[in-house]
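Only one structure is covered here, and it is reproduced in the block below.
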Amino acid sequence: VREALAIRPGRQDIKAMSVRTSRRSAGLLGSEYEVSIAAPPASHCCTGISAFRRQVASCTLAGLSVFTLGGLCFGFDSVYPVLYSSGAFLDLCAADEAAACAARSGEERQRSCCKAQASSFVSLSSVSLFAADGVMVAYGELMDRRGARWCISVALCLVCTGLALLSIAGSLGASSPAALWWIAFPLIGLAGPGVFMAALSFGELFPNLESVIAPLAASMFDGSAFVFLLWKLLFLRAGLPLSAIAAAWLFLSVLVGGSTWSLLLSKRQTEGMRAEREASFAERVDERAPVSEPALRAAVVWHSEGDGLRQLLCRTDSLLLLLFMCTANLNQSFYLETLPRTLRARPPA
């Protein structure tokens, strides 16, 4: 372990300046000690920006990117009227039902035309929600192996593709093939956790802001369910078509996601930062108190470096977690589908 701590890859990427951080150990040392660690390195795109401005920009973009792209599909119920008015899955209805639906106007267009259409919306929301939850395991593996930049890059590719397909489907209206809807929304759901995981990595880059970034990202992930509500207001109040709303959100996603990507560190820089901090920590521990050899033995890890994604997904806890997510999403879909009818069935006060 001492030899491993002495390895410092990527040291040329670490700035010479250092900061003092006070930490408390509840383990072998049992006392307070100070550790001198290297200041957070800057990405190659932000070498000319001061550390304070990078901290402010990181907190801002962490919250903004997660809110913009994180959990859009969790607000699926809000976008139902927009999709009904845009003619999504209208080809699943019978000819007479589709003709009657096309002749609707006003608020009547915001309701389902047939049971097949409504059932497709429930299935689509279930698939999108399950994709948003289940893919978190894959993003965790990607973060460990490739770093935060790869994580958000994959997420941006998925969400941009989904929004582009959604814009095309909205422009085609009732003539849009069902495959476009079935591909667009699950892609948006798959992208959200990747943005969330990448935003959390700012907490490692700035340890003094970890207590701010983690709850900020978590709250913005839940708050991103309001995005589809915003789409609904733009569609109903401002009169913007779904194609224009999706295209505008695509532009915003590229802008916010690209800015966030520029602040994240590469895998090499992240490893260099970790090695520098671990080595600095080990040097201070060696100066204060000797540590016995049994205490330096490597802890038992829950997986080996050679394990791939298949081995991780086939673990018992991973399978149980996926089963729980699937059951929870079915419960959410049932709630979203039955709550409006329950409210309408209630007698007026």
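The values are calculated or read from the model by the stated rules, or taken from the named source; none is laboratory data. Note that the structure is predicted; figures quoted are calculated from it, not measured. Please note: Cβ atoms are built from the backbone with ideal geometry, for glycine as well, and neighbour counts cover all protein chains shown. Heavy atoms of the whole protein, side chains included, go into the accessibility calculation; ligands, DNA and RNA do not. Shrake-Rupley method; radii C 1.70, N 1.55, O 1.52, S 1.80 Å.
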Go ahead and run the numbers for FRET between Met136 and Lys267, Cβ-Cβ distance against an R0 of 22 Å, rounding to 0.05. 0.65
By average Cβ neighbour count within 10 Å, what is the ranking of 61-72, 140-151, 201-212 from highest down? 61-72, 140-151, 201-212
Could you put Ile188, Ile168 in order of accessible surface area, largest first, with the 1.4 Å probe and the full protein assembly present? Ile168, Ile188
Checked region 113-202 with the C-alpha gyration tensor, a ≥ b ≥ c its square-rooted eigenvalues, rounded below a/c of 1.5, otherwise prolate if a/b is larger than b/c and oblate if not; verdict prolate
Would you mind calculating the gained length between Leu323 and Ala94 on full extension (0.36 nm times residue separation, minus the Cα-Cα distance), in nm to one decimal? 78.9 nm
Calculated FRET efficiency for the pair Arg104/Phe251, C-beta based, R₀ 45 Å, to 0.05: 0.90
What FRET efficiency comes out for Arg145 versus Lys115 if R0 is 30 angstrom and r is the Cβ-Cβ distance? Round to the nearest 0.05. 0.10
Inter-label distance, nm, simple model (7 Å from Cα along the C-beta direction), Ala178/Ser259: 4.1 nm
